[in-house]
1. In segment A:46-69, which residues are within 22 Å of residue A:183 (Cβ to Cβ) and surrounded by 22 or more Cβ atoms within 10 Å (Cβ to Cβ)?
2. I'm told residue A:41 meets every condition in (1) open to solvent by less than 50 Å² (accessible area, probe 1.4 Å); (2) within 14 Å of chain B (Cβ to nearest Cβ); (3) under 25 Å from the mean Cα position of the chain (by Cα); (4) of a type outside the set (Lys, Arg) except one. Can you identify the failing condition by its number?
3. Of A:71, A:52, A:63, which residue is within 14 Å of chain B (Cβ to nearest Cβ) and under 18 Å from residue A:157 (Cβ atoms)?
4. Looking only at segment A:436-451, count how many residues are open to solvent by 10 Å² or more (accessible area, probe 1.4 Å) and either under 29 Å from residue A:38 (Cα atoms) or in a helix (DSSP H, G or I) (or both).
5. So which pairs qualify, if the first residue must be in segment B:184-196 and under 13 Å from residue B:75 (Cα atoms), the second must be in a helix (DSSP H, G or I) and aliphatic (A, V, I, L, M), the Cβ gap must be under 7 Å, and the two must be at least 6 apart or on different chains?
6. Can you tell me which condition residue A:374 does not meet? The list is (1) facing chain B (nearest Cβ under 7 Å); (2) free of Cβ contacts under 8 Å to residues at least 40 places away in the same chain; (3) in contact with a Pro (Cβ under 6 Å, 6 or more places away or on another chain), and all the others hold.
7. Hey, among B:75, B:83, B:65, which residue is in contact with a Pro (Cβ under 7 Å, 6 or more places away or on another chain), more than 14 Å from chain A (Cβ to nearest Cβ), within 30 Å of residue B:130 (Cβ to Cβ) and modelled with pLDDT of 95 or more?
8. Which residue pairs have Cβ atoms under 6 Å apart, sit 6 or more places apart or on different chains, and have a first residue in segment A:294-321 that is touching a residue at least 60 places away in the same chain (Cβ under 8 Å) and a second that is among the acidic types (Asp, Glu)?
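The values are calculated or read from the model by the stated rules, or taken from the named source; none is laboratory data. Here the structure is a predicted model, which means the values were calculated and not measured. Glycine gets a Cβ as well: all are built from the backbone with ideal geometry, and neighbour counts include every protein chain shown. Areas reflect the complete protein model, heavy atoms only, side chains present, ligands, DNA and RNA absent. Shrake-Rupley method; radii C 1.70, N 1.55, O 1.52, S 1.80 Å.
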Amino acid sequence: MLTAAGLVKHYGGVAALDAAGITVERGEVHALVGENGAGKSTLVKIISGAVRPDEGTVELDGRTVAFANTRRAAEQGIAIVSQELMTFGDLTVLENLYPLGGPRRFGLVSAREMRRRAEPVLADLGLNVDPSARVETLSLADRQLLEISRALLQNPRVLILDEPTSALPRAAADRLAKTTRRLADRGLAVLYISHFLEEVMRIAQRVTILRDGRTVLVGEEISQVSVDSMVSAMLGGTAPPAAARRERAVRGAASVALTGISVPGRLRDVSLTAAGGEVVGLAGLQGAGHLAVLDAVCGRTRPATGSVRLPGGAVPRSARQAVAAGVAYVSGDRKGRGLMLDQPLWENVTAVRRLGLGRDGPLPSRRHMVDRTADLIRRLRIRGGPYDLTTQLSGGNQQKAVLAKWLDADPSVFVLDDPTRGVDIGARAEMHEIVRDLANGGKVVLIASTDLTELVDLCDRVLVFQRGRITEEIDGPELSEQALSRAMNAGFAASL
Amino acid sequence: MPAALTDSAGDQRTGDPAGRPLYRRLVRDEFGVIAVLVVIVVGVGLFHPDFLRTGNLLSITHNTVYVGLMAGGIVFPLAMREVDLSVGGMYALCMVVGAVLIRDGLGTWITLPAMLALAALLGALNGVVTTYMRLPSFIVTLATAMLFRGAGLALADGKQITDLPQNDSFFTFLGGNSGGVPTAVWFFVVLIAALTVMFTRTRFGARVRAIGSNPEAAEFSGLPVARTRIAALSLSGLMAGAAAVFSLAFFMAGDPTVGQGYELTAIAGAIIGGTPLAGGRGSVVGAAVGCLILSVVASALAFFQVPINWTTFATGGVILVAVGADTLLRRFRNPRSAGA
């Protein structure tokens, strides 16, 4: 159906792809896995017409094709749902479904016809939203489904899903996985890119693995591989560092204390204390309130009642005050909240200390800033130089840069909000190691994550939220994905 | 760092700046606009050698000082995704206020700082209203532009304010020549250099660029966004005030109708010089050179005996061609960033 072979692509002097290929058949879910920077995105961009290869060919139904742009590829039946959400928040669901204008009547766009065509697709994906609702009112999971609906409305023959579940909570990810299988059963060829190897095991029939721009495993039956064998293929034989459970450090004096805080519509009378030296997880379904706690600690929401105390007794009344009081906010939303992508790496890495806290004085020495950046690049093993534009780093390296800019400011409280979203296993393990070191060094670490294994790997204890309250605390030995999932969904099962 | 990441020719992407030739380090992104300016000047000179006379070139530069200073200041709000449409009105108001103060007997050298303070204050007012009323600076400065010009008109009763002490050192020095060059041009060079250092090397300049690059990330990183916005708009006002000082010193009159449309010329100059409205980047030198290009073209048209009424038309054309050529050049030099 779709065959790409012998693809080579160089960016400057760096080979992004070097002899890579893949074959996706009708009716299968074909997984493409590899570490960040292995070349997955480049391969997908070539197939979808966004980038032209230096060498190699793409064939569709036996005919060689060379798409001039993504629109040509779409016309040939190749639809892509990319990792970054590409929805237009100000427009309605319907308008988002037809970015090119949609069906017309008397020369005008026909909303009725749009609605008629869209409704079965939306229902099929389980997306129960008002088609005239503005997209910014939708949850992240619904927006992801909206993107898939948009792709399906093009009647594609090949559907490319680039890390569709990386931003989704567990239940929505499961639903999406099932939907993907069903689409393939109907004859669609699905190319599925994911970092979640268990998920790949569950829904794919075959898998292709990229390492350093080469295909190291080509279209292997999923029954012939395991999570472990895929990991070693991705990393080139070396096993990932085992996530050793951390000895709980001696508790530092610093602590964050929330006392009876309420935020209308988000939190009701929540109290919690996180001490230096421990990693405290916050878990919950969407809207459960755990993220409101992060907002309160970071000074972005001021609680209606109750108080937030940071180390040293400071009360965060604004984001700026929180940063000044030593709170770091490491966001998985690196494009929006994390980085200035159009600036060189050093401008980003030194931004908090130099510009937020102003600790380098009114005339910061550029040489000094670049040196500090180089140190952090080494410490976090970021692939890139201080002068590289941040947009040119891979997702994993960008995420490390977000961590680096906070480490540069040496805060005492780390608030991690999905800190490894869309990051490959290797980088994720390295980031986790650093978070453990921070806790061991007496820092307070609060973490929320859509990835439950991350909470299990990192946390000393996890507070589970439902409807704005803490409903359960899961500690040390009892902490497991199953226990978390059960606690998050407890009481909801009957209504589902 | 792997060699492969640093050896490519892409200028701003990689590479140690210390490894570049000195002139590239100094002008970098401004190279394009400066080249365009030189080509136009030499090109016109080929047909009309008189155009290249020092006197003519100096007079063109002198005429550009007022808009050029405003353009240098306006780079700051533009680089942080704000805009200042009030500089033209502010320029007129400051000139009228200065003329009134001098006419009524205040010392000229006390009037000067008073004019600058007024301008900085009015600019800060733009910033305060924008920040605390949560309005776009476009709308706020659109309104204050009329407020300022209207205040100037009312204060001057719609007429020029003349009968100033023309032999005062304020007029003879700031409005005259020093070493054969208009004093205003010397100050222009110095101020543009100072603003460049401020934009590229200071914490304030870096904050301006950071906020323009990603306002949300800036907020989350604890940057003083409100304070920086007020300072940037205040600086833009201050430069309009500086323009008013030199203008008053040269013309020896306060005219409430001067500087109509200067704000748009200043913005056009800044854009030609490589300060995109999208923010995050900018160049003070580029803005000044952009304004010079506009002046040179207008002056060249006179040499070619194009009717004066076609000047505005030609200016529009220059803006389109200059900005378009810049985009094309960038794409040519760095084809990867074009699609991204």
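1. A:47, A:48, A:49, A:58
2. All conditions pass for residue A:41, except number (1).
3. On the way: A:52 fails: under 18 Å from residue A:157 (Cβ atoms); A:63 fails: within 14 Å of chain B (Cβ to nearest Cβ).
Testing whether each residue is within 14 Å of chain B (Cβ to nearest Cβ) and under 18 Å from residue A:157 (Cβ atoms) leaves just A:71.
4. As a first pass, look at segment A:436-451 and keep what is open to solvent by 10 Å² or more (accessible area, probe 1.4 Å): A:436-438, A:440-443, A:449-451.
Retained after the next criterion (residues that are either under 29 Å from residue A:38 (Cα atoms) or in a helix (DSSP H, G or I) (or both)): A:436-438, A:440, A:449-451.
Number satisfying all stated conditions: 7.
5. Partner pairs satisfying both residue conditions: B:192/B:284; B:192/B:285; B:192/B:288; B:195/B:284; B:196/B:284; B:196/B:285.
6. (1)
7. On the way: B:75 fails: in contact with a Pro (Cβ under 7 Å, 6 or more places away or on another chain); B:65 fails: in contact with a Pro (Cβ under 7 Å, 6 or more places away or on another chain).
Selected residue: B:83, the only one of B:75, B:83, B:65 that is in contact with a Pro (Cβ under 7 Å, 6 or more places away or on another chain), more than 14 Å from chain A (Cβ to nearest Cβ), within 30 Å of residue B:130 (Cβ to Cβ) and modelled with pLDDT of 95 or more.
8. Qualifying pairs under 6 Å: A:294/A:417.
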